[in-house]
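Input: a single structure, listed below in structure tokens.
What follows draws every value from the coordinates through simple rules; no lab data is involved. Please read these numbers as outputs of a predicted model, since none were measured by experiment. Don't worry about glycine lacking a Cβ; one is built from the backbone with ideal geometry, like all the others, and counts go over all protein chains shown.
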Amino acid sequence: MLSYQHDQDPCPPLGEGEIEDWTEEWPEGDDYDDDSSEDECFGERERKYVEDDGGWYRHLKQYAIFWPYIWPARNFKFQLYLWILVASTLAERALNILYPRQLGIVIDKLYDGLTTGVVPWKEILLWILYATLGSQSCGLPALGEVLESRLSNWSRFQLSVAAFDHIMSLPMGFHDSKDSGEVIKAVEQAGALASILKTILLETLPFVLDMVAACWYVTYLLDAYAAVIVIFVGVSFGFVTYYITIIMMKARREVATQGRAESRKLYETVSNWATVAFFNRAKYERFRLTQTVERSVKASQWDIDVSSIMFACQEICEILGRLMISILAAFRIVRGHMPVGNFVALESYWDTITTPLWMLGHTYRQISSDLVDAERLLQLFKTKSDVIDAPGARPIQIPAGNVEFSDVSFGYHKSNTTVDAISFVAQPGQTVALVGETGSGKSTILKLLMRFYDVQKGCIKIDGQDIRDVTLDSVREAFGFVPQAAALFNTSILDNVKYGRLDATDEEVYNACKAASIHDKILTFPHGYHTKVGERGVKLSGGELQRLAIARVILKNPRIVLLDEATSALDTETESKIQNALRQLTLGIQEIFQGQRLAHIAPRPATPSSVIVSAKGEPQKHRVHRVVPFGLALRVLIAAPRLSINAPDGFQFA
């Protein structure tokens, strides 16, 4: 189990880092999409594997984590498909020998029929039967394709869902630093691994069987010299395939790298269309995309050129083998050592001999290509979260809602402490405010409370239960969170609000939106509550986004409400209405909110029971016994912890 951490070695061993290992920080300038550093890391890993004894075995062994998603160990139906596929493949191997042999028998019978006048109907019909069973359209190969497609789709489904679950389980630190386009591309490459089962069952295993059968059959038709020719052709084929495929792997990796860069660049530009338009940089982005696509095309062409060279070399090996075995067969026929039908059978069977050799090259390239494509997915699966359920964790029980921070410290980096030894208690029904300058740790406190990160010192308890000792799912279910920058799904307003409580009725959604002062505005939209909001809610204003986020929390009706400058984009009148709605929502439950402006604190219908004043470095707790004018309160609460300003009458520090 590996933990997500910062400050990792820039080129750690494969599978021993985190997503930042391959989501590197790009250099400035037009070489923005250059993945050279990434390739150097993977190249260095490969060299280490070659140098180490058994290194490649260890490398390939890492892919075993995907085996449960490829092999249907617990699905009887797909196991049945698998065994039928194996039986069909074995039957095809037998047909590869029976078909040319029967053709030779038919030729000999027809030759005899020139003198006897007898038509060999039985032999011809049997030959037709073998041909039908071996047909790619209606024979055993067609059955194999149908079964294989079901197995591949099952594997792709299992891998895609597992990758999604894994990504969603990773901590906020991963998601704050990830490249979305890169991660999506990695998940899409699950299909590469899903095809490995097909490659093994339909290509590798048949190749071994065909080569064994070929050596036996040509020896039966001719002699041991024919088997030597077959072995020579096979070794030559394998030698050419192996060494050229090493070059092809580099070409394939470059294709995959540049393909990801192209996908990433396109995703970034399209998702940031507004920024591009605001600064009129469409031509600049087109230039950068053109460079990326050009590199991708060059890499693809290199891959194709290397493939063409390998195919030519393989064809030469095959032609030389056919020439040698044809000459050997011709000598034996003219000397009367075998009938003419055997030459026809041998020529027909030669394609059966060389097909597995061609498949050997394809199989080796395919497996290499699949493993290269899956390197990203492997890195993703090797990335583990350090925010996980403890062994034996149970769902949290919140009869009251008492929140306690006890000497809590946390920092995103070892050299920087964002939250330093903070302690406070929030009683049920209280409202706690976090105020302070930018970067002083206000939002971090909320993230720690929802356990997006684990504290490094101290503990956080809810009703006496350390949140690290209960299930993560139950902790987050207890909260309702309204972020400052709310983001919505590109679906209807109704669906977005229902996200707070999936089983809510439409009427409950309407009431929540009324409480958030957004209902009347929604009715003016073209399709009302069925209006789509655009990607991340871009069709709505900042204030509308915040009100929908608040409506979503109101609908959820959680035990503890967390507000991260949730009304910063609203006008005063709307803010006042929403604060009244929040007051009704938070009656008898906990409310913790943060903001930089006291306008979010002092005018609230429920005066905060405590204010956590957070300056950079040391958050400190102060009691508010009564509300004082905004200007004075702001000067005291922000300046006092740093400048030792004495509190005025009626405003005392605890």
Can you give me the Cα centroid spacing of the stretch 366-417 and the stretch 60-133 in angstrom? 51
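A 29 angstrom limit on the alpha carbon distance is what I want to check against. Which of K384/K442; K77/K122; K61/K250; K382/K556; K178/K442; K178/K414 exceed it?
K77/K122; K382/K556
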Starting with the fewest neighbours, write out H175, H413 ranked by other beta-carbon atoms found within 10 Å of each beta-carbon. H413, H175
Using the Kirkwood radius built from alpha carbon pairs, what does the Stokes-Einstein equation give as D for the stretch 33-382 at 25 °C and 0.890 mPa s, in µm² per second? 103
Relative contact order for the stretch 67-140, counting Cα pairs under 8 Å that sit 6 or more residues apart, in percent: 29
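Over the stretch 120-229, what lengths in whole Å, largest first, do the semi-axes of the equivalent ellipsoid take, defined as the square roots of 5 times the eigenvalues of the alpha-carbon gyration tensor?
Taking √(5λ) for each Cα gyration eigenvalue gives 47, 19, 8 Å.
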Taking the mean number of other Cβ atoms within 10 Å as a proxy for protection, how do you rank 293-303, 337-347 from highest to lowest? 337-347, 293-303
So for L472, L555, fewest C-beta neighbours within 10 Å to most, what's the order? L472, L555
Within the stretch 321-351: backbone nitrogen closer than 16 Å to the V235 label point (7 Å, Cα to C-beta): 321
Rank the residues K61, K382 as a footprinting-exposure proxy: fewest other Cβ atoms within 10 Å of their Cβ go first. K61, K382
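Quick one: if you take sqrt(5λ) for each eigenvalue of the C-alpha gyration tensor of the stretch 306-454, what semi-axes come out, biggest first, whole angstrom?
Taking √(5λ) for each eigenvalue gives 78, 18, 10 Å, largest first.
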Can you give the FRET efficiency to the nearest 0.05 for I316 and N272, using r as the Cβ-Cβ distance and R₀ = 56 Å? 0.60
